[in-house]
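**Q** Handing you this structure, nothing more for now.
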Amino acid sequence: MAGSEVRAPIFSGENYEFWRIKIVTIFKSFGLWKFVEKGIPVSAGKLKGKIEEAEGSSASEDDEQMMESYMKDAKALGIIQGAVTNQIFPRIVNAETVKEAWELLYKEFHGGDQVRSVKLQSLRRDFEYTRMKDDETLSNYLTRLNDLVNQMKTFRETLTNERMVQKVLISLTKAYEPVCLVIENTKDLTSVEFQEVIAILKSQEQRLDQQVIDSTKKAFSTLSVNSKIQNKGVP
C-alpha cells in the first residue's frame, strides 16, 4: 500500500452493513483484519507495560513482536475512530483495542437475529411494492431497485435472475407495456438473462426519448408557422 492512501468510508449510524463490508476490505488490504477479528495476544494494558519496559532496555524478540502487534492494533483502531462521525465516536471512545471497538459497533448496529429478521422483512416488503414513477427515468428506477437488492444481499437474501426479470417487467410505467409484452411472448422468462432484458428496455427508453424530442420539434415548428401566418395577416 506504499505510496497510496485508502480513504475509509464514514459511518453515521445508517447503512451499517454497507459500511462494514467496505471497512473490512480496508482492514484486509493493510493486513489488519486478524486484529479486528481475533484481537491481540495479550491485553492492551499488559502490552503497554511491556512496551514501556522494552523502551528502556534492549527488547527481546518476543517483546519486539508484541510491540509490532500493539502498533498494528493501534493503527486499526485509528482507522475505525477516523471512520465514524462525531455522533458515533462516543460509543467507542473508551475502547483500547480495535476488536473492542468493532464489537461495540457490531452489537449495536448489526443487531441480533430478531432485529435482522425485522429489517429483512421490511426490505422484502419495499421490494414487492416498489414501482417505477411516471416522471422517473428507467436508469434512475433501476438504480433505486438495485439499491434495495444490495441491501437485501447484506442480509444474505439472494434474488434469482428469474425473479429480477419478473419484477422489472411488472413494475414499469405504461409507456413500457408494449415492449414488456413482446419480451414476455418471445423470451423464456425462466432462462433469459436479466441484463438482456435491461438492454431491450433501454433501447425502448431511447425510442421514447426520441419521440419526445421529435414531438417538441414539431410543436415548435407548428408554432413558428402559425406565428408567421398571423404576422402576414396583420395590416
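The values are calculated or read from the model by the stated rules, or taken from the named source; none is laboratory data. Everything numeric in this text was worked out from a predicted model, so none of it was measured. Counting neighbours? That spans all protein chains shown, and the Cβs are built from the backbone with ideal geometry, glycine included.
**Q** Those residues that are surrounded by 15 or more Cβ atoms within 10 Å (Cβ to Cβ) and under 14 Å from residue 128 (Cα atoms), I need them from the stretch 167-180; list them, please.
**A** Scanning the stretch 167-180 gives 167, 168, 169, 171, 172.
**Q** Can you pull out every residue in the stretch 185-205 that is surrounded by 15 or more Cβ atoms within 10 Å (Cβ to Cβ) and more than 19 Å from residue 139 (Cβ to Cβ)?
**A** 187, 192 - these are the residues of the stretch 185-205 that are surrounded by 15 or more Cβ atoms within 10 Å (Cβ to Cβ) and more than 19 Å from residue 139 (Cβ to Cβ).
**Q** Among the residues of the stretch 76-96, which ones are in a helix (DSSP H, G or I) and in contact (Cβ under 8 Å) with a residue 12 or more places away in the chain?
**A** 76, 77, 79, 80, 81, 91
**Q** Any residue in the stretch 65-75 that is at pLDDT below 90 and outside any helix (DSSP H, G or I)?
**A** No, the stretch 65-75 has no match at all.
**Q** Among what's in the stretch 34-56 and is under 15 Å from residue 74 (Cβ atoms) and under 31 Å from the mean Cα position of the chain (by Cα), pick the residue that is modelled with the lowest pLDDT.
**A** Taking the candidates together, the pick is 40.
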